[in-house]
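Read the figures in this text as sums done on the coordinates, not as results from a lab. Remember, it's a predicted structure, so these values are computed and weren't measured experimentally. Heads up, the Cβs are rebuilt from the backbone with ideal geometry, glycines too, and the neighbour counts pull from every protein chain shown.
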Amino acid sequence: MQWSTLGYPGFAGDAGQTASRTRQAFPAWGVAILLGLTGCAGAQAPTAAERQAGEAASVVLAAPAAGAAAPARAPEPAPPAVQASPPVSVPPAARQAVLDAYDAVQKRRWSDLDRLAPLAAADPVLGLYPRYWALRNQLQNRARPVPDDEVRQFLADSAGTYLNERIRSDWILASARAGNYAQALQVPAVADPFSSVRCALLLSRHQTGKHARSAEVLDVFQPNADCWDLLDQAAADHVLSRKELNGLLRDILETGKQGHADRMAGVVFDDTAVVQYAALMKNPRKWLESRGQPRAAVDFELAAIALSRLARSDDRAEAARYIQERWAGWMPKADLQWVWGQFGLVAALNVDPEAARWYRQSGFVPMTDYNHAWEVRAELRAAPIDWGRVATAIRKMSARQADEPVWRYWYGRSLAAQGNTEAARQYYESIVGDQGFYGLLAAEELGRTPALPAQPGPLDPAWVAQARANPGLQRAVALFDLGWRREAVPEWNFALRGMSDAQLRGAAEFAREEHIYDRVVNTSQLTQDVADFSQRFIAPFEGQVAAKARLIDLDPAWVYGLIRQESRFITDARSRVGASGLMQLMPATARHVARKIGMKDFKPSQVNDFDTNTILGTHYLNMVLQDLNGSELLATAGYNAGPGRPKRWRAQLLAPVEGAIFAETIPFTETRLYVKNVLSNAVYYAMMFSGQPDSLKTRLGTVSPLSGTRTARP
């Protein structure tokens, strides 16, 4: 039931699944659910572990002033006057050349593009694509000279398009890789460049005499080829201190990506130390047993890494005793505290009740945002919860991280638990406008009856007409029609840049007309001053999904909330792991459910069929629900991660916990976000379907410890 984003790096954004477009004549949602509210929906995204936090727990969380007035909304611009224009005429031969060029790219027949690009040029909608593919291939080939003149001509011929922006990124990368740093800096600026481009530009600036600062390198670095080039040069030129390099290595080791860590070790250590690093990574205990007291700085760093790797031992408690008895007297306090922080993290990710104990030995040592978050989660799973320690763990975070709704909510909860109800109320008030998981919970903590504010005023049809006439959106729709989702999504997103709220709502309605439902949702979520829930929480398919849910006594709002998260209503969506259709069924799961419900004529090729997918998906969801004692929270987690996993996580509890704590401490980032999104979606759909209040806390319930983790579900 999992799926990944695809598309061009830095531009795909929410590209979603590889899927062809399905044109089904399902009309817009009815008037009864035309309700909305301000803000954007969805759970908090995780903060990337990119840099270490500050030296001490000096963060002061600022609560908002009581009764602070909301900012005034800007007046909506007048509807545009849009001239009706005849449909664009596409010569069939030119469109066929585009199709043939696409096939050539898939089969890596690059020479065909030189013949097809001139023929495709007569296609007024997609004619630039074959020429772009040919140029991109040349730019990515380091063995060929960079075709600067051809790129300049393409830029002149493609002004204002997504491909113009995309080729500029490719040109910057190719120029920097070729050592033509001056040319890389002369390329017209790219809006919101992805990390490779940012690294290439910083390297180019550094190499042309405007030296990079360590903070700039640390800010842009991500483990990709172009950023490694930057880091190699920065290390050679001593831009980064030894402490900063060691910190980068520690952060990468924390991610568990061995290849990246090994590459970083080659930057940090000399050849002799790299040999020692390889040995300790292979068997840290054996390596440590062979060492004496560290003397040099590099020996201390290698020892700290080796000690941190013991957290992955089968017996962490025994490994900890070994550290205390053999190494604690030799290691600097800060290094030892970092090691205990790693013990805490590994334990927390394994839902080990001892995680909080390890974290409490880490003091105020700098940690990644990722690790700080898990320290709070470990304290939340402790029994009993020490709310003072929860608050302290949040205060260790950077101000930026602590200001996220998730941590403002839990800080408010910690204040309330310690008797400071007025301060807690102010924290809840500060996030109640957030339409995600924690905004809903904050509203309930304030005692407010869950409700939907009024729908924004009717959208003037002129805004939809303007969207229909937008060349970028037209190009995206043509790509969706061809099933080229990887190309279509970034085209669509690029065309939205700079749009007002009214224009975005118009574009979302255009997507609804074209039955591109994921674009309806994602486009509408970009509005700033209004929130149109008839778009953000679209419920297509004329009640057919709800009817199938009711047949087996499933809550339609929950099913719609799950589909919104799984596939965004793309009927033939396919994930990177092979899950398919609206409800993202894995092949083995589909076969299992078909057998269970007696669907004797089921064939794997039918899994994207609307009726087949929704029948199998709703039945599977119901099976998981029954297997997990009727808990929507556990069943949602089980639908995403497999029904055995929430049983194992539940079995590790020391005492009953509220559902919000269980959801926040799910160790898989994807599943944790998935659960929070699905259940908050379900609350909004329930209120929209019924017109009655719905409680997220009630849906979450309480989760109690349970022994036994066996399940027959795939």
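Here the dipole of the range 544-703 is about 400 debye; that uses its Cα centre as origin and unit charges on the Cβ of Lys and Arg (positive) and Asp and Glu (negative).
Take every pair of alpha-carbon atoms less than 8 Å apart whose residues are at least six positions apart; their mean separation over the length of the range 298-440 yields a relative contact order of 14 percent.
Put +1 on the Cβ of each Lys and Arg and -1 on the Cβ of each Asp and Glu in the chain; which of 351, 557, 689 then has its Cα farthest toward the positive end of the dipole? The Cα lying farthest towards the positive end belongs to 351. Relative to the Cα centre, the charge distribution of the chain, modelled as +1 at Lys and Arg Cβ and -1 at Asp and Glu Cβ, gives a dipole magnitude of about 1500 debye.
When the alpha carbon gyration tensor of the chain is reduced to an equivalent ellipsoid, its three semi-axes come out at 42, 37, 26 angstrom, largest first. When 331, 264 are arranged by Cβ crowding within 10 Å, least crowded first, meaning fewest neighbours, the order is 331, 264.
Peptides 161-171, 539-549 ranked from most to least packed give 161-171, 539-549, packing being the mean of other C-beta atoms within 10 angstrom over each peptide's residues. Around the Cα centre of the range 255-383, unit charges on the Cβ atoms of Lys, Arg, Asp and Glu (plus for the first two, minus for the last two) sum to a dipole of about 140 debye.
Taking other residues whose beta carbon is less than 12 angstrom from the beta carbon of residue 423, and scoring Lys, Arg as +1 and Asp, Glu as -1, yields +1.
Shape analysis of the range 163-248 places it in the prolate category; the axes a ≥ b ≥ c from the Cα gyration tensor give an a/c of at least 1.5, with a/b above b/c. When the listed pairs 257/286; 647/676; 548/600; 257/333 are checked against a 25 Å cut-off, the alpha-carbon distance exceeds it for 257/333. Helix-only arithmetic for the chain: the sum of -39500 (n - 2.57) across DSSP H runs with n ≥ 4, divided by the residue total, places the mean residue ellipticity at 222 nm at -17000 deg cm²/dmol. For the range 241-331, taking Cα atoms only, Rg and Dmax work out to 12.6, 35 Å respectively. Listing 330, 484 from fewest to most neighbouring C-beta atoms within 10 Å gives 330, 484. What the Cβ-Cβ distance of residue 156 and residue 237 gives, at R0 = 51 Å and to the nearest 0.05, is a FRET efficiency of 0.85. Take every pair of alpha-carbon atoms less than 8 Å apart whose residues are at least six positions apart; their mean separation over the length of the chain yields a relative contact order of 21 percent. Electrostatic tally near residue 115: other residues with Cβ closer than 11 Å to its Cβ, Lys and Arg +1, Asp and Glu -1, net -2. Distance distribution P(r), the range 544-703, all Cα-Cα pairs, bin width 10 angstrom from 0: 11, 41, 35, 12, 1 percent. Inter-part distance, the range 408-478 to the range 261-297, computed on C-alpha centroids, equals 49 Å.
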